[in-house]
Amino acid sequence: MTLLQAENLSIEFQTPDGVVKAVNDVSFSIGAGETVALVGESGSGKSQIALSVLGLLAGNARTSGTVTYQGKNLLEMQQNELNSIRAKEIAMIFQDPMTSLNPYMTIERQLNESLEQHEGLKGAAARKRVLEAMDAVRIPDAKNRLKAYPHEFSGGMRQRIVIAMALMCSPKLILADEPTTALDVTVQAQIMALLKEIQRESDMSVLLITHDLGVVAGACEKTLVLYAGRVMEQAGTLDLFETPSHPYTRGLLRAVPNIQDAVGDLRSIAGQPPNQMVPPPGCPFAPRCENRTEQCDRELPPLVGDIRHQRACWRPVEELV
Ligand SMILES: Nc1ncnc2c1ncn2[C@@H]1O[C@H](COP(=O)(O)OP(=O)(O)OP(=O)(O)O)[C@@H](O)[C@H]1O
Ligand SMILES: [Mg+2]
């Protein structure tokens, strides 16, 4: 069953210097209990996609297309209607844990907020739920840490608190924006395992945003690879790792460290993403692509293929270097 469906989602920002085309014609769906990954470099539009779902885009943003949740287009919803969905149905884990935690408020008060707002819970009943959530994200000695402030926790623990906050009202969907980026590799793995476990228990869906394909493996059923706000390739995650079919995906995979080639073979993709105020007429990745032809510079390749594996590239897969 489809829980959330984005169709031809585009987001642009009006600025004094011109219009920034941040997200272009992006479509994807998330099923109940499913995890879908949005992967791409900094600036590729990942966060804006998540923010648009909850009506949290900046004032200078214009959207087109639809994002349907339970039969309704979230992009056209009024703020009060969105308020009843935020946190309760769809919750977000924001990119930087320190900015989503208030340094002057105890952990208990921050965790309490959405409970009070959405379920009118207070006092002992609220405290019970807060403790349950802290246990669920494995914060040790939760009872004695209710009155602690964010700075009294380590980075990994703060990220757990932010996850607990998102879980407070048992949402059906979590938008997790780089939930592990600020953490070291071991803690990253713990947090991913924790998310997976919570998800299994509650049949929750997750939109996982990351710039690191290494985080996606084993954690997500489907992956969309974004570049300059466009989907370059989308496929089942296993399929994407086994037969990456877009030069950009291949470049990202070569940039994922692995134990065998820890020394040396790691290659980053040379060059910079295009200016999204004046996007090139052809494939946005063309200027950085080893496979480009004249057609790539001239015409935008459409996203084509079997719905289970689509790619936007003019060159046949067999010819890619
Ligand atoms: N209010 C705004 N006005 C103009 N441009 C904006 C605004 N908000 C975002 N953008 C632009 O939209 C593009 C996409 O931004 P987004 O935050 O989605 O990137 P991202 O993929 O999440 O990157 P990162 O990995 O760095 O978080 C960027 O080029 C950004 O500069
Ligand atoms: Mg971001």
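The values are calculated or read from the model by the stated rules, or taken from the named source; none is laboratory data. Remember, predicted model here, so these are calculated numbers, not experimental data. Ideal geometry is used to build each Cβ from the backbone, glycine not excepted, and the neighbour counts take in all protein chains shown. Protein only, heavy atoms only, side chains kept; ligands, DNA and RNA dropped before computing areas. Shrake-Rupley method; radii C 1.70, N 1.55, O 1.52, S 1.80 Å.
For the listed peptides 147-157, 32-42, 80-90, 163-173, a ranking on the average number of other beta carbons within 10 Å per residue, highest first, reads 163-173, 32-42, 80-90, 147-157. Can you bin the stretch 126-201 into rounded, prolate or oblate? Criterion: square roots of the alpha carbon gyration tensor eigenvalues sorted a ≥ b ≥ c, rounded for a/c under 1.5, prolate for a/b above b/c, oblate for the rest. Oblate is the answer for the stretch 126-201, as a/c is 1.5 or above yet b/c matches or exceeds a/b. A Förster radius of 41 Å, combined with the Cβ-Cβ distance separating Asp135 from Arg308, puts the computed FRET efficiency at roughly 0.60. Computed from phi, the 3J(HN,Hα) profile of the stretch 7-19 under the Karplus parametrisation 6.51, -1.76, 1.60 (θ = phi - 60°) reads 10, 6, 6, 10, 9, 10, 10, 7, 10, x, 8, x, 9 Hz, with x in place of Gly and Pro. Taken over the stretch 1-59, the ratio of Cα radius of gyration to 2.2 N^0.38 Å equals 1.23. The figure for Asp184 is an accessible area of roughly 90 square angstrom, using a 1.4 Å probe on the protein chains alone. Of the accessible area of the chain, computed with a 1.4 Å probe over protein heavy atoms only, carbon and sulfur atoms account for 51 percent. By the gyration tensor of its Cα atoms, with a ≥ b ≥ c the square roots of the eigenvalues, what is the shape of the stretch 28-101: rounded for a/c under 1.5, prolate for a/b over b/c, or oblate? Rounded, because the longest to shortest axis ratio a/c is under 1.5.
Compactness of the chain was expressed as the Cα radius of gyration divided by 2.2 N^0.38 Å, which yields 1.04. Taking every alpha-carbon pair within the stretch 100-169, the share separated by more than 16 Å comes to 37 percent. DSSP bridge analysis restricted to the chain gives an antiparallel fraction near 60%, rounded to the nearest 5. Karplus-based coupling profile of the stretch 305-314, in residue order and whole Hz: x, 4, 4, 6, 8, 10, 9, 10, 7, 6, with θ = phi - 60° in 6.51 cos²θ - 1.76 cosθ + 1.60 and x standing for Gly or Pro. About the centre of its Cα atoms, the chain shows a dipole size close to 760 debye [charges on the beta carbon of Lys, Arg (+1) and Asp, Glu (-1) only; nearest 20 debye].
Think of it as helices only: each DSSP H run of n ≥ 4 in the chain is worth -39500 (n - 2.57), and spread over all residues that comes to -9000 deg cm²/dmol at 222 nm. Multiplying the residue separation of Asp17 and Gln78 by 0.36 nm and removing their Cα-Cα distance gives an extension gain of 19.0 nm. Is the stretch 79-238 rounded, prolate or oblate when judged by the Cα gyration tensor, a ≥ b ≥ c being the square roots of its eigenvalues, rounded requiring a/c under 1.5 and prolate requiring a/b larger than b/c? Judged from the Cα gyration tensor, the stretch 79-238 comes out prolate (a/c at least 1.5, a/b above b/c). When +1 charges are put on Lys and Arg Cβ atoms and -1 charges on Asp and Glu Cβ atoms, the dipole computed for the stretch 84-128 relative to its Cα centre reaches about 160 debye. Rolling a 1.4 angstrom probe over the protein heavy atoms with all chains in place gives the stretch 100-169 an accessible area of 50 Å² per residue.
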